[in-house]
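**Q** My questions will all concern the structure given below.
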Amino acid sequence: MLNIKGKRMFIAWYWIVLIALVVVGYFLHLKRYCRAFRQDRDALLEARNKYLNSTREETAEKG
């Protein structure tokens with residue numbers, strides 16, 4: 001990649017394509033991972049809220 005004389009650095013076109021593919025793939029992976037994380041978090045919060053509401057109703061009925 002580096003010329004023997006050291007005057008100019010040459011990057012082949014396929015390295016640029018490879019780096020671009022890695023960056024795009026990483027971006028798509030993060031996008032999908034974050035969406036899945038949000039869905040899991042929302043489902044857990046909904047289950048927690050249902051549980052808390054049911055326990056509040058039970059304590060209100062007893063009291």
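**Q** Give me the residue from segment 41-63 that is acidic (Asp, Glu) and modelled with pLDDT of 90 or more and, out of that set, farthest from the chain's Cα centre (by Cα).
**A** 46
**Q** Here are 14, 26, 33: which of them is modelled with pLDDT of 90 or more and within 23 Å of the chain's Cα centre (by Cα)?
**A** 26
The values are calculated or read from the model by the stated rules, or taken from the named source; none is laboratory data. Note that this is a predicted model, so its numbers are computed, not measured.
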